[in-house]
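Here's the structure, in structure tokens; my notes come after.
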Amino acid sequence: MGGANSNNTDNLFKICQKNCNAVYRLINPTDFDYETIKNYKRVGIVLGASTPIEQFQEVISNMEKVTKELLTLFKKLKPDKSTMFIQTFCLIF
């Protein structure tokens with residue numbers, strides 16, 4: 001996971017900013033509010049070179065939980081195509 005002083009992660013963050021409208025620079029999985037991704041159809045995760053795999057797995061696990069909650073909500077609401085939004089963001093670790 002990209003540490004606060006990681007040049008590698010800083011460079012990845014800058015690259016993502018050039019290509020994505022919503023980019024978040026985080027130090028660890030607890031820095032990110034997983035509720036935020038409920039508004040996005042696609043999510044990209046970019047990790048610094050020294051990021052421990054366990055931190056990446058924690059992020060993925062939490063994202064899966066949020067996705068399941070969202071799918072349950074959509075099934076209850078039965079939204080049509082006009083109410084669904086597709087957005088993209090990069091999540092930087």
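Where a number appears in this text, it was derived from the coordinates with a stated rule and is not lab data. The structure presented is a predicted model; accordingly, all values stated were derived computationally and were not measured. Because the Cβ atoms are built from the backbone with ideal geometry, glycine has one as well, and the counts that use them run over all protein chains shown.
Listing for the model above:
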{"quantity": "Across K18/K68; K18/K41; K14/K68; K14/K41, pairs whose alpha-carbon gap is larger than 25 Å", "calculated": "K18/K68; K14/K68"}
{"quantity": "Amide proton proximity set for A22, modelled H, under 5 Å, gap of 5+", "calculated": "C90"}
{"quantity": "Radius 13 Å from Cβ of V46, net charge of other residues (Lys, Arg +1; Asp, Glu -1)", "calculated": "+2"}
{"quantity": "Pairwise label distance in nanometres, N5 with D33, each label 7 Å out on the Cα-Cβ vector", "calculated": "3.0 nm"}
{"quantity": "In Hz, Karplus ³J(HN,Hα) per residue of the stretch 39-56 (6.51, -1.76, 1.60; θ = phi - 60°; x = Gly, Pro)", "calculated": "8, 10, 7, 10, 9, x, 10, 10, 10, x, 4, 9, 5, x, 4, 4, 6, 4"}
{"quantity": "Extended-chain gain in nm, criterion 0.36 nm per residue less alpha-carbon gap, K14 and R42", "calculated": "8.1 nm"}
{"quantity": "Built amide H within the under 5 Å cut-off of I45, gap 5+", "calculated": "L91"}
